[in-house]
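One structure follows; several queries about it will come next.
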Amino acid sequence: MLQVKVLGSGCPNCQRLERETRAALDEAGIGYELVKVTEFADIAAYGVMSTPALVMNEEVLSSGRIPKHDQIVSWAHERASA
Amino acid sequence: MATNTQHFPKINTDRRAFLLVGLLALVWGILYNNLQPIADWLTYTLLGLSRESAVGQSLNFFIYDVPKILLLLTGMIFLITLAQTFINTERVRAVVEKRGAGVGNVMASLFGAITPFCSCSSVPLFIGFVQAGIPLGITFSFLITSPIMNEVAFVLLLGLFGWQVALMYLVSGVVIGVVAGMILGRLKLERYVEEFVFQVRANRVAVGLIEEKPTWLERFEEAAEKTREIVGKVWLFVIIGIGIGAFIHGFIPEDALTGIMGQDTWWSVPAAVLLGIPLYSNAAGVIPIVSAMLGKGAALGTVLAFMMSVVALSLPEMIILRKVLKPRLIAIFIGVVALSIVVTGYLFNLVV
């Protein structure tokens with residue numbers, strides 16, 4: 001199961017990233033488990049300095065922006081099959 | 001479909017993106033330079049209002065200013081957000097880390113000037129700076145200039161007051177950050193920072209963050225997206241603000257404000273700063289009103305101080321900062337920033 005984390009304190013963009021990630025992964029039919037990380041201490045532990053950030057299988061893939069739909073899907077494919 | 005486009009040479013899509021942006025810039029330029037004749041024609045020819053009447057002047061001012069400011073806002077915010085796509089927070093931190101007080105403060109403050117202040121970036125960035133062992137004073141330089149320098153405020157000043165005032169705003173925002181940061185740095189305030197900030201250890205290297213360089217098309221897209229977001233949030237306030245400003249412009253007599261906001265009224269600067277602290281969400285609407293006040297005898301320093309205090313010190317910002325700073329430090333922070341703004345206001349009133 002793909003472990004997905006959305007890092008962000010709950011700002012509008014963080015919610016958007018969560019929505020878009022869910023939409024992308026659902027559409028691609030990839031099984032995943034999504035956790036929202038909202039505590040600043042936990043976010044900082046990932047070394048992220050601007051949110052929202054997207055993490056898959058404990059790897060930080062983007063920060064401070066919302067990646068494109070296709071980008072999310074291709075990251076997920078690379079990691080779901082591994 | 002989209003996976004296919006990645007195989008096309010980047011140059012091609014980039015060239016098309018440049019072409020489109022260039023074309024839009026051209027349309028923008030033509031529109032922007034013909035607003036006064038259009039406004040004149042609408043008010044004086046089409047509606048047949050007299051050039052001398054208060055109604056005619058107010059309406060003309062409104063019809064000219066609204067599209068002008070909205071165009072300027074869209075164009076400039078696009079450029080600013082485009083510039084922001086080139087800023088890499090990790091790299092900035094690495095550069096600031098090597099500098100001591102002084103140069104470090106200036107760099108952190110400049111960095112704060114171009115970064116928007118929001119819960120999305122400011123708190124994680126604060127923690128990131130502290131983690132890297134960057135002195136608190138330098139981190140504060142960032143934390144002070146970032147909210148003072150608001151891109152919407154900057155553009156409105158540019159459009160309504162001219163580039164000199166906008167530049168003055170920029171320079172004083174950075175100077176306030178540097179000076180206040182250096183003062184705060186001397187005060188040894190580490191104990192008023194929430195403990196967890198010092199305990200956090202980044203235990204994972206942000207591997208994926210070494211992303212490939214975005215193409216110009218991607219930069220343009222990101223800037224367009226952010227522009228839509230920012231302009232979408234403020235346009236209504238701007239129009240309302242210009243509406244009230246237009247009313248002041250046409251109906252309030254000249255010199256009406258000289259007594260309370262003029263250069264010779266010593267208490268007007270601190271009063272303006274105090275008044276500005278609780279005002280926030282209407283920053284976009286306040287500036288057009290304030291600009292009309294300037295035409296009625298208010299002093300520039302007073303007006304700038306008011307505006308900076310509206311933009312820089314606000315409840316939402318304090319709520320964000322509360323996550324990492326203890327109340328005592330927030331109070332000190334407000335005090336130092338407010339004081340710096342008051343001094344800046346007096347300085348401008350003296351000089352201009």
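No lab work stands behind these numbers, since they all come straight from the coordinates. These numbers come from a predicted model, not from an experiment. Ideal geometry is used to build each Cβ from the backbone, glycine not excepted, and the neighbour counts take in all protein chains shown.
Could you list, in sequence order, the residues of the stretch B:323-352 that are surrounded by fewer than 18 Cβ atoms within 10 Å (Cβ to Cβ) and either touching a strand residue (DSSP E or B) at 6+ places or on another chain (Cβ under 7 Å) or not in a helix (DSSP H, G or I) (or both)?
B:Lys326, B:Val352 - these are the residues of the stretch B:323-352 that are surrounded by fewer than 18 Cβ atoms within 10 Å (Cβ to Cβ) and either touching a strand residue (DSSP E or B) at 6+ places or on another chain (Cβ under 7 Å) or not in a helix (DSSP H, G or I) (or both).
Do we find that B:Ile320 is over 30 Å from B:Pro253 (Cα atoms) and surrounded by fewer than 18 Cβ atoms within 10 Å (Cβ to Cβ) in this structure?
no
Quick check on my filter: what residues within the stretch A:70-82 are buried (at least 22 other Cβ atoms within 10 Å of the Cβ) and within 9 Å of another protein chain (Cβ to nearest Cβ)?
Correct list: A:Trp75 only.
A further question on this structure: Test of understanding: among A:Pro67, A:Pro52, which residue is touching a Leu at 6+ places or on another chain (Cβ under 8 Å), surrounded by 16 or more Cβ atoms within 10 Å (Cβ to Cβ) and facing chain B (nearest Cβ under 9 Å)?
Just one listed residue meets the conditions, A:Pro52.
Report whether or not B:Gly102 is farther than 30 Å from B:Glu225 by Cα, in contact (Cβ under 8 Å) with a residue 40 or more places away in the chain and out of contact with any helix residue (DSSP H, G or I) (no Cβ under 7 Å at 6 or more places or on another chain).
Considered against the rule, which asks whether it is farther than 30 Å from B:Glu225 by Cα, in contact (Cβ under 8 Å) with a residue 40 or more places away in the chain and out of contact with any helix residue (DSSP H, G or I) (no Cβ under 7 Å at 6 or more places or on another chain), B:Gly102 comes out as yes.
Separate question: Inspect the stretch B:69-83 for any residue being within 25 Å of the chain's Cα centre (by Cα), aromatic (Phe, Trp, Tyr), within 14 Å of another protein chain (Cβ to nearest Cβ) and closer than 30 Å to B:Ile127 by Cα and give the result as yes or no.
no
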